[in-house]
Amino acid sequence: MMFKSACSIPRGMCCAMLLYGLAVAGPSLAEDKAAATAEHADHSAHKAAASKSDVRRSEARYRVPAVKMVDQDGNKVVFNKEIDDGRPVILNFVYTSCTAICPVMTHIFVQVQNKLGKSLDKVHMVSVSIDPEYDTPARLLEFEEENGMGCQWDFYTGTSDASVAVQKAFEAYQGDKMNHLPLTLMRAAPGKPWVRLDGFASPDMIVKEFRAITK
């Protein structure tokens, strides 16, 4: 099965072009992000979750929904087909204006991509926005540029209904983005069970699980 081609145009170049266009058209992304961060300043649920260091491992089979989403490059995709391209998947849920759980989860994924080494080209890292109204493709592209995300890592947004459908499919929906909890999911291939890590799984733990299910 053919994988999606990676990085035909450097993301930094795409990001620069998008940011230039947005700067001419209206308020800067930085201004919008600051406003959104202020709006979402209450992260009491996040802080409570971060204080718990235990990680619960389980396995489950989930039916990935065939909802329409958009990636950071503006490509319209059908989500279940997008992650069923044959590559192993490592997935989480975040949003770019989050100030507590999401930066930690993103940093963990950055460390995972650094530790995967030669396996990196064979994995599809996936982050799904739980704040799709704010997380436009342009903002996701800027977020990826800021965090040094590689071409194997895609960020998906779309309608609120699509985001909620994906969250519910993975039993990750908490009713509100302010209450979301740290969660990492991975699967070796389409049809295989998902490994679910509830809590702040370390990069080493995620890589160890990934190597175990793909050996």
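The values are calculated or read from the model by the stated rules, or taken from the named source; none is laboratory data. Treat the numbers as computed from the prediction; the structure is a model and nothing was measured. Using ideal geometry, Cβ is built from the backbone for each residue, glycine included, and neighbour counts are taken over all protein chains shown.
Of note:
- No other residue among 183, 116, 140 is at pLDDT 95 or above and within 19 Å of residue 58 (Cβ to Cβ) apart from 183.
- Qualifying residue in the stretch 45-58 (condition: of a type outside the set (D, E, K, R), in a helix (DSSP H, G or I), at pLDDT below 95 and over 21 Å from residue 176 (Cα atoms)): no
- Residue satisfying all of: in the stretch 57-98; free of Cβ contacts under 8 Å to residues at least 40 places away in the same chain and more than 18 Å from residue 191 (Cβ to Cβ); surrounded by the fewest Cβ atoms within 10 Å (Cβ to Cβ) among these: 76
- Flag for residue 140 being under 25 Å from residue 206 (Cβ atoms) and surrounded by fewer than 19 Cβ atoms within 10 Å (Cβ to Cβ): no
- Check on residue 92, part of a strand (DSSP E or B) and of a type outside the set (Val, Ile, Thr): yes
- Residue satisfying all of: in the stretch 186-204; aliphatic (A, V, I, L, M) and out of contact with any strand residue (DSSP E or B) (no Cβ under 7 Å at 6 or more places or on another chain); farthest from residue 90 (Cα to Cα) among these: 189
Quick grid of which residues meet (1) in a helix (DSSP H, G or I); (2) buried (at least 20 other Cβ atoms within 10 Å of the Cβ); (3) without any contact (Cβ under 8 Å) to a residue 12 or more places away in the chain:
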{"site": "109", "(1), (2), (3)": "yes, yes, no"}
{"site": "119", "(1), (2), (3)": "yes, no, no"}
{"site": "146", "(1), (2), (3)": "yes, no, yes"}
{"site": "164", "(1), (2), (3)": "yes, no, yes"}
{"site": "181", "(1), (2), (3)": "no, no, no"}
{"site": "191", "(1), (2), (3)": "no, no, yes"}
{"site": "204", "(1), (2), (3)": "yes, no, no"}
{"site": "210", "(1), (2), (3)": "yes, yes, no"}
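- Some residue of the stretch 151-169 being closer than 23 Å to residue 61 by Cα, of a type in the set (A, V, I, L, M) and within 13 Å of the chain's Cα centre (by Cα): yes
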